[in-house]
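The values are calculated or read from the model by the stated rules, or taken from the named source; none is laboratory data. Given the structure is predicted, the values throughout are model-derived calculations rather than measurements. Cβ sites come from the backbone with ideal geometry, for glycine too, and all protein chains shown count toward neighbours.
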């Protein structure tokens, strides 16, 4: 099984790359700065590193990279600097998801490719819809205005929800929504719910990045887990 990862040098992406290789999978990751990958990973036979800005790769190059892949995972996010939050590209995650999906469809795979998008518990699933208090709705409107990355995360998930319908022959998707991310050194028990069980704004939970990586790998490799969450936006918390 081969998995393409966008955002493989990020704090969660690095853990995902390591976990996938550890389970014997082949990994392709598109990164701008390969030196940000741990040295222990850069020399692994199962890892192919493509040095490029994913938004600058041509459509044909991206289609070629995805040919033969069984799953795609996006762990992309905006750097938490002034330039990263307010500078271009404002729709990094959304544009990447859009381009990856078009490239997958161009290949006309024999069976649907599994698409995993790491998102945030602060993004509501409007397919359900999830209930928010009045003050939460007001606060989210303010956050959308003040923090463009939040709007980008929402748009990326909405693209999958609205443009990749259930029953699509090329792509099946899951949007993974962790709450406040932590850098715990080891995996720990975690829980997964269809919707938040606590307020991401006023009573946030904690989710370790290593548990997010483990859950994504389980989704990719375990058919039963995939069928449980296919086409949904599960929320993951540490126990």
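Considering each residue of the stretch 127-171, count those that are touching a helix residue (DSSP H, G or I) at 6+ places or on another chain (Cβ under 8 Å) and under 21 Å from residue 96 (Cβ atoms), and give that number.
Qualifying residue count for the region: 17.
Quick one: count up the residues across the stretch 179-225 that are in a helix (DSSP H, G or I) and free of Cβ contacts under 8 Å to residues at least 24 places away in the same chain.
4
Looking only at residues in the stretch 61-84 that are more than 15 Å from residue 50 (Cα to Cα) and surrounded by fewer than 17 Cβ atoms within 10 Å (Cβ to Cβ), which one is modelled with the highest pLDDT?
68
Looking at 115, 134, which is the one that is more than 23 Å from the chain's Cα centre (by Cα) and either without any contact (Cβ under 8 Å) to a residue 60 or more places away in the chain or crowded, with 16+ Cβ neighbours inside 10 Å (or both)? Please lay out each step first, then the result.
On the way: 115 fails: more than 23 Å from the chain's Cα centre (by Cα).
Residue meeting the stated conditions: 134.
Please state which of the following conditions residue 228 fails to meet, knowing it meets all the rest: (1) in a helix (DSSP H, G or I); (2) surrounded by 17 or more Cβ atoms within 10 Å (Cβ to Cβ).
Tallying (1) in a helix (DSSP H, G or I); (2) surrounded by 17 or more Cβ atoms within 10 Å (Cβ to Cβ), residue 228 fails exactly one: (2).
Does residue 185 count as modelled with pLDDT under 95, more than 27 Å from residue 135 (Cβ to Cβ) and surrounded by fewer than 13 Cβ atoms within 10 Å (Cβ to Cβ)?
On the way: modelled with pLDDT under 95: yes; more than 27 Å from residue 135 (Cβ to Cβ): yes; surrounded by fewer than 13 Cβ atoms within 10 Å (Cβ to Cβ): yes.
Answer is yes for this residue.
List the number of the failed condition for residue 89; all other conditions in (1) closer than 23 Å to residue 11 by Cα; (2) touching a residue at least 40 places away in the same chain (Cβ under 8 Å) hold.
Among (1) closer than 23 Å to residue 11 by Cα; (2) touching a residue at least 40 places away in the same chain (Cβ under 8 Å), the lone unmet condition for residue 89 is (2).
Assuming residue 155 fulfils every condition listed in (1) outside any loop (DSSP other than H, G, I, E, B); (2) out of contact with any strand residue (DSSP E or B) (no Cβ under 8 Å at 6 or more places or on another chain); (3) under 19 Å from residue 239 (Cα atoms) apart from one, which condition is it?
Result: residue 155 passes all but (3).
Among 8, 24, 43, 87, which is the only one that is at pLDDT 90 or above and exposed (fewer than 15 other Cβ atoms within 10 Å of the Cβ)? First the steps, then the outcome.
Working: 8 fails: exposed (fewer than 15 other Cβ atoms within 10 Å of the Cβ); 43 fails: at pLDDT 90 or above; 87 fails: at pLDDT 90 or above.
Answer to the check: 24.
Tell me which residues, restricted to the stretch 27-40, are at pLDDT 95 or above and assigned to a loop (DSSP other than H, G, I, E, B).
Correct list: empty.
Residue check: is residue 111 part of a helix (DSSP H, G or I), out of contact with any helix residue (DSSP H, G or I) (no Cβ under 7 Å at 6 or more places or on another chain) and farther than 19 Å from residue 29 by Cβ? I'd like the intermediate steps shown before the answer.
On the way: part of a helix (DSSP H, G or I): no; out of contact with any helix residue (DSSP H, G or I) (no Cβ under 7 Å at 6 or more places or on another chain): yes; farther than 19 Å from residue 29 by Cβ: yes.
For residue 111, the condition - part of a helix (DSSP H, G or I), out of contact with any helix residue (DSSP H, G or I) (no Cβ under 7 Å at 6 or more places or on another chain) and farther than 19 Å from residue 29 by Cβ - is not met.
Considering only the stretch 54-99, how many residues are in a helix (DSSP H, G or I), out of contact with any helix residue (DSSP H, G or I) (no Cβ under 7 Å at 6 or more places or on another chain) and closer than 24 Å to residue 20 by Cα?
4
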